[in-house]
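The values are calculated or read from the model by the stated rules, or taken from the named source; none is laboratory data. Quantities reported herein were computed from a predicted structural model and do not represent experimental measurements. Here the Cβ is made from the backbone with ideal geometry for all residues, glycine too, and neighbour counts use every protein chain on show. Note: areas computed on protein heavy atoms with side chains; ligands, DNA, RNA excluded. Shrake-Rupley method; radii C 1.70, N 1.55, O 1.52, S 1.80 Å.
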Amino acid sequence: LKDTLKLVATDGGYKAFTYRLTENNQKYKLTINIELKNIIQEINIGFVDQSYMGDAYSLFPMKEGQFFEELKYRSALLVLKEKLEQSGYPRATINEKYKIVNDKILIFLEVMLNKPRLFVKVIPKTKSIFVEQFIKDKLIPLYKKPFEINVFKQAIDEAQRELFDYGYYVLNFEYDLNQKKDRVNLDLNVLDDNLY
């Protein structure tokens, strides 16, 4: 019986779960007291000052239909703030509120992105004129846009794979991000830039 009750309670969707088994004249009575958690019915994310180009809902780790917990909610807000910073908006602010309607949770998030951190320049350090120009051309689409670290790393990885196809088999990169106010300059040191 205990194992069965543990199985019933494993989904974590309860605030309190107790049971009592009583016997009276060889008849058993099982009383289960369970208080369920509220479920998130709706999440609204709006941007006040400008529109966000990505999928804002993918940045917020809580989803509609999940059980609501205050600690997870506070943690999810921190994750959202961190992901906005990684997307090039280090000064983003979030006004949040939630309300309970008929045991369902409605979450309202109002995001001000504020001034983005922009990628402005790459300085490749290499002996190869071809590699230098290739890297500059590869990163031009990222210029004057909010500096997203993941997009940047993906572009660098693509450049390395493409240069491998050109015969730079042992080429590798080391980079240093220089941030001054809202600008990011990239010092890119190209290692083993020999063409085979």
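Per-structure values
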quantity: Span-rule helices in the chain, defined as complete DSSP H runs reaching 15 Å or more along the axis (Cα) with Kyte mean at least 0.0; calculated: 129-139
quantity: For the stretch 3-102, size of Cβ-based charge dipole, Lys and Arg +1, Asp and Glu -1, in debye; calculated: 360
quantity: The chain: most fluctuating residue of GLU110, GLU23, GLU148 per GNM, C-alpha cutoff 10 Å; calculated: GLU23
quantity: Probe 1.4 Å - accessible area at LEU177, Å² to nearest ten; calculated: 50
quantity: Relative contact order (%) - the stretch 15-59, alpha-carbon pairs under 8 angstrom, separation at least six; calculated: 30
quantity: Amide N of the stretch 74-118 lying under 19 Å from the label point, which is placed 7 angstrom from the Cα of ASN185 along Cα→Cβ; calculated: 117-118
quantity: Among GLY12, GLY88, GLY65, residue whose mean-square fluctuation peaks in a GNM of the chain (springs only between Cα atoms under 10 Å); calculated: GLY12
quantity: GNM result for the chain, Cα springs below 10 Å: residue of TYR168, TYR89, TYR19 fluctuating most strongly; calculated: TYR19
quantity: Relative contact order for the stretch 1-138, counting Cα pairs under 8 Å that sit 6 or more residues apart, in percent; calculated: 21
quantity: Potential lengthening between GLU96 and ASP176 on full extension [0.36 nm per residue; Cα-Cα distance subtracted]; calculated: 25.3 nm
quantity: Of all accessible heavy-atom area on the chain, the percent that carbon and sulfur account for (1.4 Å); calculated: 51
quantity: Accessible area in square angstrom per residue, the stretch 33-176, 1.4 angstrom probe; calculated: 60
quantity: Computed [θ] at 222 nm, deg cm²/dmol, the chain (DSSP H ≥ 4; -39,500 (n - 2.57); rounded to nearest 500); calculated: -8500 deg cm²/dmol
quantity: Heavy-atom accessible area order for THR18, THR10, THR31, largest first, 1.4 Å probe; calculated: THR10, THR18, THR31
quantity: Only Lys, Arg (+1) and Asp, Glu (-1) charged, at Cβ; the stretch 81-133 dipole about Cα centre in debye; calculated: 220
quantity: Fully extended contour minus Cα-Cα distance, from LYS63 to ILE140, at 0.36 nm per residue; calculated: 24.1 nm
quantity: Cβ charges +1 (Lys, Arg) and -1 (Asp, Glu), total dipole of the chain, debye; calculated: 740
quantity: Loop-located trypsin sites (Lys or Arg not before Pro) in the stretch 160-196, at most 16 other Cβ atoms within 10 Å (DSSP); calculated: LYS181
quantity: Antiparallel %, DSSP beta bridges [both residues in the stretch 1-147], to 5; calculated: 70
quantity: TYR73 paired with ASN114, simple spin-label distance in nm, labels 7 Å along Cα-to-beta-carbon; calculated: 2.4
quantity: Taking all pairs of distinct alpha-carbon atoms in the chain, Kirkwood radius in angstrom; calculated: 21.2
